[in-house]
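Worksheet: the structure to be examined is printed underneath.
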Amino acid sequence: GTLDLSRTTYLVLDEADRMLDMGFCDDILKIVAKLPSKRQTILFSATMPPKIENFAKSIMNKPVEVKISIAKPADKIDQCIFLCHESDKMKLVQHIFATEDMKRTILFASSKKKVKELYAMLVKNNINAKSMHSDLEQSQRDETMLAFKAGRVDVLVATDIVARGIDIDDISVVINYETPKDSADYVHRIGRTARAGRKGKSITLVSEKERKSLLAIEKLIGKTIKRNRLPEGMNEPNMTEPKRMFSSIKSKKNSRNRKHFPKNNLSPNNN
């Protein structure tokens, strides 16, 4: 009851795909209901999944789609992956931080629970880190981002809450603890580095269950990402698709079933 939107002429929604994924759809519709029907509405989105198209049609009049280009990582990002077991990921992160210069780093995880676990591990290992996730108050988020931008914090452990719209020029490394399920999220995450003409590096940890996500990412960016050798004592998982094994088992089972019914007999359903 304190904001009058009756004379609003423009509605601009940035990162529309992510806004809907994060559950803001109902709030946006409440705002739209208070706006004049005659207005210009503009939605910006890195990807255009069906739910975005349906949402656009519900709040726009004969919308026109304008495609600029397919988002791909900057050429100056040195991309690499570790094929590893899920159980080795935490130890692998410890190894990376112990053997490389990891200042100005963002470590991404897909859940706030995992962010908290990684943050606790880094602090235990005397790493100057802060965490960023949805459980923090806005004032805490602002304070953390200000400290990271100012260089008072070396490592930011975060969910996708900072994968977009965060413009910090000197981030040198991005680590994906989990392989993003959405290929576009991979591009957004590693896009936090190599900004303003600088070089950067991205490291992604890929377990057996994330094989399909990796293939989708490589298809989107049009290249095979460099594989790094695991530290001594860690073994790569089997990344091959076990379809032939299942086919063989099924074939043997069918073969056993046929032995019970000679060719000239009726099928069991007709007996």
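The values are calculated or read from the model by the stated rules, or taken from the named source; none is laboratory data. All values reported here derive from a predicted model rather than from experimental measurement. Note that each Cβ is placed from the backbone with ideal geometry, even for glycine, and that neighbours are counted across all protein chains shown. With ligands, DNA and RNA removed, areas are computed over all heavy atoms of the protein, side chains included. Shrake-Rupley method; radii C 1.70, N 1.55, O 1.52, S 1.80 Å.
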(request) Please report, as a whole percent, how much of the solvent-accessible surface of segment 77-217 comes from carbon and sulfur atoms (probe radius 1.4 Å). (result) 48
(message) Output the 0 to 90 degree angle, nearest 10, between the alpha-carbon long axis of helix 50-59 and the longest principal axis computed from the alpha carbons of the chain.
(response) 40
(request) First select every other residue whose beta carbon is under 13 angstrom from the beta carbon of Val93; then total the charges, Lys and Arg +1, Asp and Glu -1. (result) -1
(message) Taking the Cα centre as origin and putting +1 on Lys and Arg beta-carbons and -1 on Asp and Glu beta-carbons, what dipole magnitude results for segment 62-154, to the nearest 20 debye?
(response) 180
(request) Please compute the net charge surrounding Pro180, taking Lys and Arg as +1 and Asp and Glu as -1 over other residues with Cβ under 10 Å from its Cβ. (result) -3
(message) If packing is taken as the average count of other Cβ atoms within 10 Å, what order do 209-222, 176-189, 149-162 fall into, highest mean first?
(response) 176-189, 149-162, 209-222
(request) Kindly express, to the nearest 10 degrees and within the range 0 to 90, the angle between helix 211-221's C-alpha long axis and the longest C-alpha principal axis of the chain. (result) 50
(request) For the chain, give the magnitude of the charge dipole about the Cα centre (Cβ charges: +1 Lys/Arg, -1 Asp/Glu; no others), in debye to the nearest 20. (result) 1480
(request) For every other residue with a beta carbon closer than 10 angstrom to the beta carbon of Asn128, add +1 if it is Lys or Arg and -1 if Asp or Glu, then tell me the sum. (result) +2
(message) Per residue, how large is the accessible surface of the chain? Use a 1.4 angstrom probe and give square angstrom.
(response) 64
(request) Find how many whole Å separate the alpha carbon centroid of segment 204-243 from the alpha carbon centroid of segment 33-99. (result) 21
(message) At 222 nm, what value in deg cm²/dmol follows for the chain if DSSP H runs of at least 4 each add -39500 (n - 2.57) and the sum is divided by all its residues, to the nearest 500?
(response) -11000 deg cm²/dmol
(message) As I understand it, the value is the acute angle between the Cα axis of helix 243-259 and the longest principal axis of the Cα atoms of the chain; what does it come to in degrees, rounded to 10?
(response) 30
(message) If I model a spin label as a point 7 Å beyond the Cα along the Cα-Cβ vector, how far apart are those points for Asn235 and Cys25 in nm?
(response) 4.5
